[in-house]
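A short worksheet on the structure shown next.
The values are calculated or read from the model by the stated rules, or taken from the named source; none is laboratory data. These numbers were taken from a predicted model, which means no experiment stands behind them. Methodologically, a virtual Cβ is constructed for each residue, glycine included, from the backbone with ideal geometry; neighbour enumeration extends over all protein chains shown.
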Amino acid sequence: MSLGLLADADLVARCREGDQHAWNELVNRFSRYVYAITSRIYRLGQHDAEDVFQEVFARTYERLDELRDDEAIRPWIATLTRRLCVDRLRSAAREQPMDEPIDHGEADDAIEMLDEALAVHEGLKTLPEHCGEVLDRFFARDESYRTIGEALDLPAGTIASRISRCLGKLKGQLEGRKPRFQPSRDRNESQVG
Amino acid sequence: MTYRAHYSEGRIAKLLGALPPAPPAWVEAAQELPAAYQAMDGMAARAGAAQEFQAEIVADLAKLEITEPGTEQAQRESNGNVATPGGTE
């Protein structure tokens, strides 16, 4: 089975055994999630966001052996990222007061939405490769029909119809599948240190 | 259970757009962490071995009680007990 299709718990177990490919996949799987929390939810500047991003994965790597529930890696990462973002913001606020205080309820809602987004994004992996790529380029990377067409050597009109067709496939796939994710707030997050 | 029984295409589009890719350099750096940790472990091991080796040498020298030429002169200099050029003692 491709590493991309492995369940989170199995991927964590492979990482713990020292499998570099599994670690690469783990970073790939959660990099957008961590990036979105730092940059979109907590709106850290580029420099702070990068520091937090690296710190999250460094701590994840260091603590693989201490995880009590391998399946809970995503909420574990979410909690760790939030904590590091809040630390950054508080530290910055000591030097320059923040315009708006941190709204933890708002952050909860936003992370819940990212949980769902991650589940949808994972769904791309089950589609034919050309579908995943075209949907990711158009919606997540915000590329135009023209840019995608040039990259894939296809006319812009073909890109438009492919997006429509692939979106329909993804919709059917999402509506028919069983759950793999639960919102981070529903999971036990007490183990994050 | 799925998150939703029905996903509109607009909702899917919004969710896909919520996760833009992280800068590739950040991802690469995070993927290189295992190698970085291995390198650090290697350096720590070498530093530990070097310290042990240094301690062994110091212990050996202490056993030999070697007095090298110039050692007494250096000792006097460090105590300030030495004649300055052209001066008197």
For segment A:87-121, the count of residues that are at pLDDT 90 or above and surrounded by 15 or more Cβ atoms within 10 Å (Cβ to Cβ) equals 14
When every residue in segment A:32-65 that is without any contact (Cβ under 8 Å) to a residue 12 or more places away in the chain and more than 10 Å from every other protein chain (Cβ to nearest Cβ) is compared, the one surrounded by the fewest Cβ atoms within 10 Å (Cβ to Cβ) is A:H47
Those residues of segment A:148-190 which are modelled with pLDDT under 85 and either among the hydroxyl-bearing types (S, T, Y) or surrounded by 15 or more Cβ atoms within 10 Å (Cβ to Cβ) (or both) amount to A:F181, A:Q182, A:P183, A:S184, A:R187, A:E189, A:S190
Within segment B:2-22, of all residues that are loosely packed, with under 14 Cβ neighbours inside 10 Å and either at positive phi or among the charged types (D, E, K, R) (or both), the one modelled with the lowest pLDDT is B:R4
Tell me, yes or no, whether segment A:142-160 has at least one residue that is in contact with an Asp or Glu (Cβ under 7 Å, 6 or more places away or on another chain) and within 27 Å of A:R40 (Cα to Cα).
-> no
The one condition in (1) at pLDDT below 95; (2) under 30 Å from A:D87 (Cα atoms) that A:A140 fails to fulfil = (1)
Restricted to segment B:6-27, and to residues that are within 7 Å of chain A (Cβ to nearest Cβ) and of a type in the set (A, V, I, L, M), which residue is nearest to A:Y35 (Cα to Cα)?
-> B:A22
